[in-house]
Amino acid sequence: MKVMNAVGLHARPAAVFAGEAGRFASQIRVRNATRNSPWVDAKSILSVLTLGVEQHHEIEITTDGPDEEQAAAELQRLISTDFAGKL
Amino acid sequence: MVESFLHVDARADDAPWIREVTLTSASTEQARPHLSALLPIAAIRLNVPATDWRDAVRASGDALVAGGITTPAYTDQMIAIIEQLGPYIVIAPGIALAHARPSDAVLRPGLSWVTLAQPARFGHKDNDPVTLVVGLAAPDSSSHVQALATLAGLLEDRPRRETLLRAKTPRDVLAAIVEYEREYAADAVKGMP
């Protein structure tokens, strides 16, 4: 299942990523740093998909709210572990 | 406020086709493919009767085949993904994005557009029932991600989406998409320094 993550944030990883972001109360925004894209709502699958994040692209996440530390840590872990078997 | 940089990466030994992906991503800064070029009129079908999600996905696959985008094997692959991973393909209220991994069954990158005569349940807890099934096929991961990005931008635009869903003929669907692209291009020019 690591294979799908190897190609970037296409439909399945975007759905998992947005779902994970949606578990937190904080406002979470994400952008494609490689593309210098605008910031979008990390909790919306469609918004995450608009970023066109491919393999080797760098993405940037910002969290703001009551559980911001935890949200940042969890999302970072999700991606750095190739979605921790959730794909 | 917490900010972090992440790097989406993969190990070459997990993905033997990584060489191809790396080569194509060298050209990622090129313009995204126009949706209208990805969606042949033969791949647009409106008010298709479908009794369940399988029927709906099959209609979307049939439209891809009619548009010369995939072989029928791709349709089976799209259904298998949902059987395996569940209804995550329902990416927004009423909208399913049928797709499978890049494979030999993909002849060229493209989309199909199928609206259903009756809404179909895919088993998604928030976004059911589905009235629009967009089929997506791409021969490699890079063009897959870019086609998705363009499509997501269109579907995210609510008034545009509603216009598209009200379209009475395939020609009307294409006309609305072309208009979106024109405005998008105009905005991009305005946004330049």
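Restricting the search to region B:157-193, which residues are open to solvent by less than 80 Å² (accessible area, probe 1.4 Å), part of a loop (DSSP other than H, G, I, E, B) and modelled with pLDDT under 90?
Correct list: B:Asp157, B:Gly191.
Going by what's in this entry, would B:Thr70 be described as in contact (Cβ under 8 Å) with a residue 24 or more places away in the chain, more than 23 Å from A:Leu46 (Cβ to Cβ) and open to solvent by less than 10 Å² (accessible area, probe 1.4 Å)?
Values: in contact (Cβ under 8 Å) with a residue 24 or more places away in the chain: yes; more than 23 Å from A:Leu46 (Cβ to Cβ): yes; open to solvent by less than 10 Å² (accessible area, probe 1.4 Å): yes.
Yes; evaluated as a whole, the condition is true for this residue.
Checking A:Phe24 against (1) more than 9 Å from chain B (Cβ to nearest Cβ); (2) within 19 Å of B:Gly153 (Cα to Cα): exactly one of these is not met. Which one?
The number of the failed condition is (2).
Condition first: more than 7 Å from chain B (Cβ to nearest Cβ), open to solvent by less than 10 Å² (accessible area, probe 1.4 Å) and over 23 Å from B:Glu83 (Cβ atoms). Can you find one or more residues in region A:76-84 that meet it?
Scanning region A:76-84 turns up at least one residue that is more than 7 Å from chain B (Cβ to nearest Cβ), open to solvent by less than 10 Å² (accessible area, probe 1.4 Å) and over 23 Å from B:Glu83 (Cβ atoms).
What number of residues within region A:58-71 are within 7 Å of another protein chain (Cβ to nearest Cβ) and open to solvent by less than 10 Å² (accessible area, probe 1.4 Å)?
Number of matching residues: 3.
So, B:Leu154, is that one buried (at least 22 other Cβ atoms within 10 Å of the Cβ), within 10 Å of chain A (Cβ to nearest Cβ) and not β-branched (Val, Ile, Thr) or not?
no
Open to solvent by less than 10 Å² (accessible area, probe 1.4 Å), part of a strand (DSSP E or B), over 20 Å from B:Arg166 (Cα atoms) and in contact (Cβ under 8 Å) with a residue 40 or more places away in the chain: is that true of B:Ala147 in this structure?
no
Only one of these is open to solvent by 30 Å² or more (accessible area, probe 1.4 Å) and within 30 Å of A:His57 (Cβ to Cβ): B:Arg101, B:Arg58, B:Arg45, B:Arg121. Name it.
Step by step, each of B:Arg101, B:Arg58, B:Arg45, B:Arg121 is checked, and only B:Arg101 is open to solvent by 30 Å² or more (accessible area, probe 1.4 Å) and within 30 Å of A:His57 (Cβ to Cβ).
The values are calculated or read from the model by the stated rules, or taken from the named source; none is laboratory data. Not measured: the values here are computed from a predicted model. For neighbour counting, all protein chains shown are included, and Cβ atoms are generated from backbone atoms with ideal geometry for every residue, glycine included. To get the accessible areas, we keep the full protein, side chains included, count just its heavy atoms, and leave off ligands, DNA and RNA. Shrake-Rupley method; radii C 1.70, N 1.55, O 1.52, S 1.80 Å.
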